[in-house]
Amino acid sequence: ETLQRIVSTLVNKNDEIHNFIDMLNHTISNVQVNSSNAISELDEEFDGLYSVLHEMKGSMANTIQQEEARKIQALQDQLSQCSRALESSEELLELAVQSLDIKNPVELLEATRQIKDSVTVASAFRLSLKPKVSDSMTHMMVDFALEKRMLQAVKFLPVPKAPEIDVAACLVSDNCITISWRMPEEDSRIDHFVLEYRKTNFDGLPRLKGEQRWELVDYIKATQYTLSGLKFDTKYMNLRVQACNKAVAGEYSDPVTLETKAFVFSLDSTSSHLNLKVEDTYVEWDPTGGKGQEKIKGKENKNRSNTASPKRSTNSPRALARGSRDRFAGESYTVLGDTAVESGQHYWEVRAQKDCKSYSVGVTYRNPGKFDQLGKTNSSWCIHINNWLQTTFSAKHNNKAKTLDIPVPDRIGIYCDFDRGQLSFYNASSKALLHTFRTKFTQPLLPGFMIWCGGLTVTTGLQVPSAVKTLQKSENGLGGSTSSLNNVA
């Protein structure tokens, strides 16, 4: 026995080492890929920077050219004015020189007066002999000394540290997971967090082979997040978190593995009534199914009535759980779940179609008779809804019925506490208690469903709702009420 334990320990350790080697090889591959991606992103950033500088250079050069054109135009306008004034001044000067040759005093006086009047209004005397603009372009010069120092100081943006998941603050309840984490040190440049989660049936380190892919929740601003509406069809959930700043994402936190206790089963189509069409967690009344097959097979059905279905393997755990049995027949339009309840607390829900005429939901011991109906034997418990002509709602066990004077809910929740011998039915939406059976279960239980005209959808992978737990504690604390249909088996 000691050697067997040692061998078992070594096998587990070898499995963990193989898993770790796979993880290291996967990490090496990721390092190479991520390094190449980082270089590509660096090229893109510098190309973007070059593009911005090139655009700025073009814009600033264009501004200088516009200033040059403005100044030259102003100087050319001033030059034209001076040229015209000089031409006028030279004409007056020539006229004045000619006037000096006049001998007649009267004519000289008249010419002098005309020259004086012309000089008074001459444009040459109104000209400013100072350039309107200077030739300096120093106001268009730039100094990139500060920017150069800033560029020289550019370094890789610090990679955020891996967050630390606070396992004690994590909560798994009502098919929701609330996960909390913190940063090992304050980092004001954190922009958001990324949460990844993955279902698994292994409680150890996350494995690379045979695992489901990671599901991602991006752009989480807080350090807490709640995943809601989950179906817990595996035993555990792996979760990890990474912090991201504007440019880069940090390493993932050490993954945590949280247990997700829930009851998962499918409908056992191999033992359902021929008038029922079963698909995983959905069963539908099929009025032609049984008659058509009975007409075709005839005596073959009778000859095979005591023969186990070849579709059922006695090697599978679920086949062993339900045992070898024939299909339901007669008016027992029943299908069972393929997984037995043998201990603990379990919960599942059922929704009926609106046009469903009659259906029952409950539990039964394994291997009921092929003509047995739920609630009509001492080994089955159920609630029954009959919508034919008028609606009746009742709890049934051992062929006794108790009328439930309450509205029929759209969804019914079934709670089974095997160890305490308790089976309760709830309004799945409001969690109001509909009925409770109290007994002592002596055999494993199978979920049972009976339907006529319509369809039922079963929802599994559900945890016991916290509201139901609270009601159970209150009911058990007060001692509870005993139903007249209770049976000590």
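The values are calculated or read from the model by the stated rules, or taken from the named source; none is laboratory data. Because the structure is a prediction, the values reported are computed rather than measured. Cβ sites come from the backbone with ideal geometry, for glycine too, and all protein chains shown count toward neighbours. In case anyone asks, the SASA skips ligands and DNA or RNA and just uses the protein heavy atoms, side chains included. Shrake-Rupley method; radii C 1.70, N 1.55, O 1.52, S 1.80 Å.
A few notes on this one:
- Pairing each residue of segment 153-167 that is assigned to a strand (DSSP E or B) with any residue that is open to solvent by 80 Å² or more (accessible area, probe 1.4 Å), provided the two are 6+ apart or on different chains, yields C-beta distances under 9 Å for E164/R182; E164/D254; I165/R182; I165/D254.
- Yes/no for L109 being open to solvent by 70 Å² or more (accessible area, probe 1.4 Å), at pLDDT 85 or above, over 60 Å from the mean Cα position of the chain (by Cα) and not aromatic (F, W, Y): yes
- Count - residues of segment 148-172 that are over 25 Å from the mean Cα position of the chain (by Cα) and open to solvent by less than 80 Å² (accessible area, probe 1.4 Å): 3
- Single condition S188 does not satisfy, out of (1) hydroxyl-bearing (S, T, Y); (2) exposed (fewer than 10 other Cβ atoms within 10 Å of the Cβ); (3) within 30 Å of L75 (Cβ to Cβ): (3)
- Qualifying position, being open to solvent by 70 Å² or more (accessible area, probe 1.4 Å), part of a helix (DSSP H, G or I), in contact (Cβ under 8 Å) with a residue 24 or more places away in the chain and out of contact with any strand residue (DSSP E or B) (no Cβ under 7 Å at 6 or more places or on another chain), among L53, L86, L42: L86
- From the options F441, F425, F449, F437, residue that is at pLDDT 95 or above and open to solvent by 10 Å² or more (accessible area, probe 1.4 Å): F441
- Taken over segment 378-417, the residue count meeting the criterion of being polar (S, T, N, Q), part of a strand (DSSP E or B) and crowded, with 20+ Cβ neighbours inside 10 Å is 1.
- Scan of segment 33-83 for residues that are under 28 Å from H139 (Cα atoms), of a type in the set (D, E, K, R) and under 60 Å from the mean Cα position of the chain (by Cα), ordered by number: E55, K57, E67, E68
- Residue ID - most open to solvent (accessible area, probe 1.4 Å), chosen from residues in segment 237-273 that are among the hydrophobic types (A, V, I, L, M, F, W, C) and more than 28 Å from G461 (Cα to Cα): A247
- Enumeration of residues in segment 61-83 that are of a type in the set (A, V, I, L, M) and either exposed (fewer than 11 other Cβ atoms within 10 Å of the Cβ) or closer than 17 Å to S123 by Cα (or both): A69, L79
- Check on P131, open to solvent by 90 Å² or more (accessible area, probe 1.4 Å) and over 30 Å from A247 (Cα atoms): no
- From the list R126, R182, the lone residue that is modelled with pLDDT under 90 and open to solvent by 100 Å² or more (accessible area, probe 1.4 Å) is R126.
- The selection criterion, being open to solvent by 20 Å² or more (accessible area, probe 1.4 Å), among the small types (G, A, S), in a loop (DSSP other than H, G, I, E, B) and more than 27 Å from A340 (Cβ to Cβ), holds for A222.
- D166 fulfils the conditions (1) among the acidic types (D, E); (2) more than 30 Å from Y236 (Cα to Cα); (3) touching a strand residue (DSSP E or B) at 6+ places or on another chain (Cβ under 7 Å) except for a single criterion, (2).
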